[in-house]
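Structure record follows, encoded as structure tokens.
The values are calculated or read from the model by the stated rules, or taken from the named source; none is laboratory data. These figures come from a predicted structure and were not determined experimentally. Note that we place each Cβ from the backbone using ideal geometry, even for glycine, and neighbour counts take in every protein chain shown. These accessible areas exclude ligands, DNA and RNA; they are computed on the full protein's heavy atoms, side chains included. Shrake-Rupley method; radii C 1.70, N 1.55, O 1.52, S 1.80 Å.
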Amino acid sequence: MAAAMPDTSAISAATRCPASSPAPETDADKVRFIEEMTTNVDTVQERVLGEILDRNAEAEYLAGCGLAGATDRATFRTKVPMVTYEDLLQYIRRIAHGDNSPVLTGPVHPVSEFLTSSGTSGGERKLIPAVEDDLHRNHLLYSLVSPVIKQNSCPSGTYTSPMEAILCADAFQSMYAHMVCGPMPAPSRVGATFAFGILRAISFFQQNWEQLAADIDAGTLTDRITDPSLREAVAGILRPDPELARFIREEGSKDDGDGIIGRIWPNTKYLDAVATGSMAQYVPTLNHYSGGLPIVSYTIMPFMGYFEFLPVDDAEAASGGDANRQLVELARVEAGREYELVVTTDNGLNRYLVGDVLRVTVSGSLHTGFHNAAPHFRFVRRKNVLLSVDSDKTDEVELQRAVERASVLLLQAHGATAVVDYPSRVCTTSIPGPYIIYWELLATKGPPNGGGGDAAVDGDVLDRSCLEMEEALNSVYREGRVTVGSIGPLEVRVVRPGTFEELADFAVSSGASIVQYKVEKR
């Protein structure tokens, strides 16, 4: 969802400080820097592209494109093709296997490490090249956040947990340390990379509030925390606080979690998490627990890298025509249209199709449309993440709309307030194969990962819910389902309370990143 704090959208998920200007230092300098960059979008973008092409001019990849050292937009458009991860995989593997030659980046700024994608939206994890400059860019990003928040009359937030809690590999110990340190002092924001992480934290609190209260009361730490460095770090923060412990017991013993975030962390001004695209399903639950706090979102900043946008509703581009002619620059996107993001970065990604579909917001929505000349974007979905049995194609947005429509019946009958999550798959063991949707329900009473008592649901209610979903899907699906008979009857299966949290625990214990984890939709 979009944020209700308009100016917080002036910060992006990554930043690139122009080489021609020093990094801003004071809060006033940082605000002016943001205003300058978002006002002169096209000028900044042209300069950034020139700097990227210049520093990577000796890279094997760019040389192979025939740039011959050119750094202008016109040559770049003509010579450099759009690529996917699969197109770059041969180069990435060479670097990962020890090739120290300038493959994707110039010799002065070699690839220093690889970052991994979450891998749960579209398959296996990707290796994303990174250079040492990234550390500086990330530092600049976080330094810009605080003055923007202050400018909007919100207190500046800092991490309430020690670094050892963030780095701890054990999911339970890490979360427990976050929780026991969280209310001291009360933060101005509650956040996680994805919305699912915030809900997971609330679930953890409701499962462990008694032990948390006991530790806060005594100023000691449970023996379940065995990591020596974590115990030492938390001991430096934790002090006996009977009043806070009493409050934690009062909150934990309540059946309904309505507004619990605002009560436990009363200074919270907004939630900082991705809650669009496939994460949008969590918004009703987030609103329930936060009492309607705004969810912050972001605007692409023009100094991060060079950005182009491929219209997803352009028939010629979609059908593989001269898509290069359809690419739109950052300063020229249109409000209300959807685009696939194409990026060029210092890290050796040139005209890289990210696979994210973004929509430019329209003035009058929760955003203002633009911050100066920089457009606001909403993440819509991952491209081509869909269910398909025959010629049908169902993407994340369509599936979510169908779930929202059908869940009303099931929620009313089951005494629940929301669908916690809904992974899905196509059954390949039967012909014709059906869509199978797994629902976990949020109880009106009880912990956030609970259903309405047990997972048993009246068969008639399930049948009607399935019919509602099928009627909400596209005409190609309905034709295959009814007329052609190539798709089997859709199934909704209600799982027991806590299923998806257990799935998350298993994924983390198997090596998945707890920061990037999200339930796979297929």
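Let a ≥ b ≥ c be the square roots of the eigenvalues of the Cα gyration tensor of the range 155-268; is it rounded (a/c under 1.5), or, if not, prolate (a/b larger than b/c) or oblate? Taking the square roots of the gyration eigenvalues as a ≥ b ≥ c, the range 155-268 is rounded.
How much accessible area per residue does the range 155-268 have, counting only protein heavy atoms and a probe of 1.4 Å, in square angstrom? Per residue, the range 155-268 has 45 Å² of solvent-accessible surface. Taking the average, over residues, of other Cβ atoms within 10 Å as the packing measure, peptides 77-83, 505-511 rank 77-83, 505-511 from highest down. Each peptide among 104-116, 346-358 gets the average number of other Cβ atoms lying within 10 Å of its residues, and from highest to lowest they stand as 346-358, 104-116.
Using a probe of 1.4 angstrom, how much of the accessible area of the range 155-268 is carbon and sulfur, in percent? Its accessible area is 53 percent carbon and sulfur atoms.
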